[in-house]
Amino acid sequence: MPAISPNVRACILQLANCYLLLSMCSTAVLRSTTEKCVVRRFLFALLLGDIGHVYLTYVAVGADYFLSPSQWNLLTHGNITFTVFLFLSRSIYLLGWGGNTDSRRLIKTKSN
């Protein structure tokens, strides 16, 4: 396994710090609101971020590597596979699929 340069290590640690910040903001917003429109808008913003993240990864690594998952290392899987999983999870929620319909009533809508 080749050694990681200090620049790459710094980028990885900064990316991890961004994920930590994003998780803290997500926790703060989603646990402090009961309004469905706030939750939906927040998740939609994250969904757009997922699309941008995967697209910029595609641009950075090139089409040949991007379309060959068997060649990906763990960092690439983390950047693409996990982000696609988050995108799909957010899409399912925003489309109203899955979940218990009774639990949706706990979140206030604007008409409440």
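No value in this document is a laboratory result; all are computed from the given coordinates. All figures in this text were calculated on a predicted structure; none of them were measured in a lab. Ideal geometry is used to build each Cβ from the backbone, glycine not excepted, and the neighbour counts take in all protein chains shown.
The requirement of being among the acidic types (Asp, Glu), surrounded by 13 or more Cβ atoms within 10 Å (Cβ to Cβ) and farther than 19 Å from residue 75 by Cα is fulfilled somewhere in the range 23-39, by at least one residue.
Among the residues of the range 9-18, which ones are surrounded by 12 or more Cβ atoms within 10 Å (Cβ to Cβ) and without any contact (Cβ under 8 Å) to a residue 60 or more places away in the chain?
Taking the range 9-18 and keeping what is surrounded by 12 or more Cβ atoms within 10 Å (Cβ to Cβ), we get 11-12, 15.
Selection gives 11, 15.
Looking for something of a type in the set (Asp, Glu) and in contact with a strand residue (DSSP E or B) (Cβ under 8 Å, 6 or more places away or on another chain) - is there at least one such residue anywhere in the range 19-39? Break it down into steps so the answer makes sense when it comes.
Pass one, the range 19-39, residues of a type in the set (Asp, Glu): 35.
Still in the list and also in contact with a strand residue (DSSP E or B) (Cβ under 8 Å, 6 or more places away or on another chain): 35.
Yes: one or more hits.
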